[in-house]
Amino acid sequence: MAPAPPPRPPIDGPLDRAAIEAWLGETDQRRLDELWAAANETRRLRVGDEVHLRGLIELSNYCVRACGYCGLRAGNREIERYRMSRDEILDCARTAREFGYGTVVLQSGEDYGIKTDWLAAIVRAIKTETGLAVTLSLGERPDDDLAVWREAGADRYLLRFETSDDELYRLIHPDLLGRRSDRFAILRALRELGYEVGSGIMVGIPGQTRASVAADIDAFRDLDLDMIGIGPYISHPATPLGDHSWQRPIPAEEQIGNDELTVYKAVALTRLACPQANIPSTTALATINQVDGRELGLMRGANVVMPNLTPPEYRAKYEIYPDKACVGETAEMCRGCLQGRIEAIGREIGSGAGGRRHG
Ligand code: SAH
């Protein structure tokens with residue numbers, strides 16, 4: 001088979017940081033249509049028409065941190081905390097296999113009640129019993145934990161750096177006593193350990209500028225990420241950012257929006273900057289446009305979706321932001337809904353583990 005031709009130059013000129021910033025501010029519909037077309041074409045040529053399904057298991061909503069944006073923050077007394085049992089987690093993984101998903105993603109607050117060895121045994125059991133790729137997203141655990149889980153068979157790790165603007169990050173993501181939060185250092189450690197590495201950002205955090213999101217997309221490229229998650233910031237009233245008690249004053253004209261159009265631009269530009277990355281059309285995007293946010297993400301650069309496998313009794317409690325899409329659905333409903341949406345836009349469901357492509 002002849003090698004696929006290189007993608008045509010997407011848009012005039014190199015996609016340097018200044019160009020990314022200009023695109024983020026673009027309002028001309030014809031130019032935006034060119035951006036969507038370029039991102040979609042690059043996606044098609046570099047990662048194909050398959051949409052990979054990652055089954056999401058939200059295994060615990062306990063969290064030690066005090067993030068200014070997230071409803072799981074330790075200080076939020078309004079949510080009832082839960083941690084799934086080993087059997088419940090394994091049941092979800094079996095469902096993932098039955099449904100033909102190639103991967104499970106185990107996600108939680110930063111919960112040290114998730115003991116290192118307990119989770120290692122669960123990872124081993126999932127690998128032995130189902131053979132699925134295992135992705136972890138458990139926050140800023142020490143390198144030793146990450147090493148043990150890798151040894152147990154975990155394949156991938158997701159840790160968004162949220163924003164590369166250090167001042168903003170420090171404001172919205174306080175350190176734990178005695179330990180400076182350095183997500184870039186953890187991403188490097190994950191790479192060293194042989195994980196496939198995922199990161200990402202929220203778009204439209206109060207105090208976040210267009211220039212800083214352009215720098216984020218540049219950082220995705222420098223980090224050569226395997227997976228990149230981008231979603232809108234969604235205000236949660238039970239958080240300091242949501243109730244405006246933490247603010248970073250910036251000129252209003254520099255504030256980047258958290259609207260869906262801005263998120264599509266960030267997704268499309270990320271596809272052009274990182275042509276081979278796996279990029280989800282996120283649940284947060286589907287939350288702010290429940291009609292066709294998912295599809296539009298997939299048509300503007302994304303190639304992954306994350307159907308929820310969390311048992312219904314826990315879903316509403318994993319409230320990182322309010323009114324999360326699909327909260328009232330069962331795993332089966334999520335699967336049927338996403339399959340329908342993928343087929344309706346002429347794409348196919350991915351088979352296998354759907355790892356990062358190289359070359
Ligand atoms: N404790 C893990 C998983 C957190 S939930 C960690 O910190 O990595 C996964 C992602 O949800 C976060 O990385 C963040 O980008 C996103 N998130 C949290 N609160 C949000 C909010 N209010 N609006 C939009 N996305 C949010």
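The values are calculated or read from the model by the stated rules, or taken from the named source; none is laboratory data. A quick note: this is a predicted structure, and the numbers were derived from the prediction, not measured. All Cβ positions, even for glycine, are placed from backbone atoms using ideal geometry, and neighbour counts span all protein chains on display. Side chains included, ligands, DNA and RNA excluded: accessible areas come from the protein's heavy atoms. Shrake-Rupley method; radii C 1.70, N 1.55, O 1.52, S 1.80 Å.
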**Prompt:** Which value, in Å², gives the accessible area per residue of the chain when a 1.4 Å probe is used on the protein heavy atoms?
**Reply:** 41 Å²
**Prompt:** So what does ASP87 come to for accessible area, using a 1.4 Å probe and Å² rounded to 10?
**Reply:** 100 Å²
**Message:** Using alpha carbons only, how many angstrom separate the centre of segment 326-353 from the centre of segment 131-181?
**Reply:** 28 Å
**Message:** If I model a spin label as a point 7 Å beyond the Cα along the Cα-Cβ vector, how far apart are those points for ALA238 and GLU254 in nm?
**Reply:** 3.4 nm
**Request:** Report, in debye and to the nearest 20, how large the dipole of the chain comes out about its Cα centre when Lys and Arg carry +1 and Asp and Glu carry -1 on their Cβ.
**Result:** 500 debye
**Message:** Once neighbouring chains are kept in place and the probe is 1.4 Å, which whole percent of the accessible area of the chain is contributed by carbon and sulfur?
**Reply:** 51 percent
**Message:** Please report Rg (one decimal) and Dmax (integer) in Å for the Cα set of segment 131-229.
**Reply:** 13.9, 43
**Asked** Taking only the alpha carbons of segment 61-152, what extent do you get along each of the three principal axes, in Å, biggest first?
**Response** 38, 29, 20
**Request:** Please give the FRET efficiency for LEU261 paired with ALA37, using the beta carbon to beta carbon distance and R0 = 22 Å, rounded to the nearest 0.05.
**Result:** 0.90
**Equivalent ellipsoid semi-axes, segment 196-281, via Cα gyration tensor eigenvalues times 5, rooted, Å** = 24, 14, 11
**Rg in Å to one decimal, and Dmax rounded to a whole Å, for the chain via C-alpha atoms** = 19.3, 59
**Message:** Per-residue counts of other Cβ atoms within 10 Å, averaged by peptide: what ranking do you get for 177-185, 155-163, 18-26, highest first?
**Reply:** 155-163, 18-26, 177-185
**Message:** Could you sort LEU45, LEU32 by their accessible area in this structure, using a 1.4 Å probe and putting the largest first?
**Reply:** LEU45, LEU32
**Message:** What are the equivalent ellipsoid semi-axes of segment 306-359, built from the alpha-carbon gyration tensor (square roots of five times its eigenvalues), in whole angstrom, biggest first?
**Reply:** 25, 15, 11
**Message:** Give me P(r) over segment 252-359, computed from all C-alpha to C-alpha distances, binned every 10 Å, as integer percentages.
**Reply:** 13, 41, 35, 10, 1
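Once the Cα gyration tensor of segment 19-103 is diagonalised, what are the square roots of 5 times its eigenvalues, in whole Å and ordered largest first, as equivalent ellipsoid semi-axes?
Here the semi-axes work out to 37, 25, 8 Å.
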**Complete:** Cys residues of the chain with no disulfide-compatible partner (no other Cys Cβ under 4.7 Å) are CYS63, CYS92, CYS274, CYS326, CYS334, CYS337
**Request:** Before anything else, pin down the relative contact order of the chain: Cα pairs under 8 Å, at least 6 apart, normalised by residue count, whole percent.
**Result:** 24 percent
**Message:** Let me test this: with uniform point scatterers at the alpha carbons of segment 232-277, what is the Debye-based log₁₀ I(q)/I(0) at q = 0.22, 0.28 1/Å?
**Reply:** -0.88, -1.01
**Item:** Set of lysines near LYS265 by C-alpha distance (under 25 Å), chain-local residues within fewer than 8 positions excluded
**Value:** LYS324
**Asked** Can you work out the FRET efficiency for the pair TRP246 and TRP118, with r the C-beta to C-beta distance and R0 = 35 Å, to the nearest 0.05?
**Response** 0.55
**Message:** If packing is taken as the average number of other Cβ atoms within 10 Å across a peptide's residues, how do 190-199, 322-331 rank, most packed first?
**Reply:** 190-199, 322-331
**Request:** Of the options LEU272, THR128, ILE228, report the single residue whose Cα projects farthest towards the positive end of the charge dipole of the chain (beta-carbon charges: Lys, Arg +1; Asp, Glu -1).
**Result:** THR128
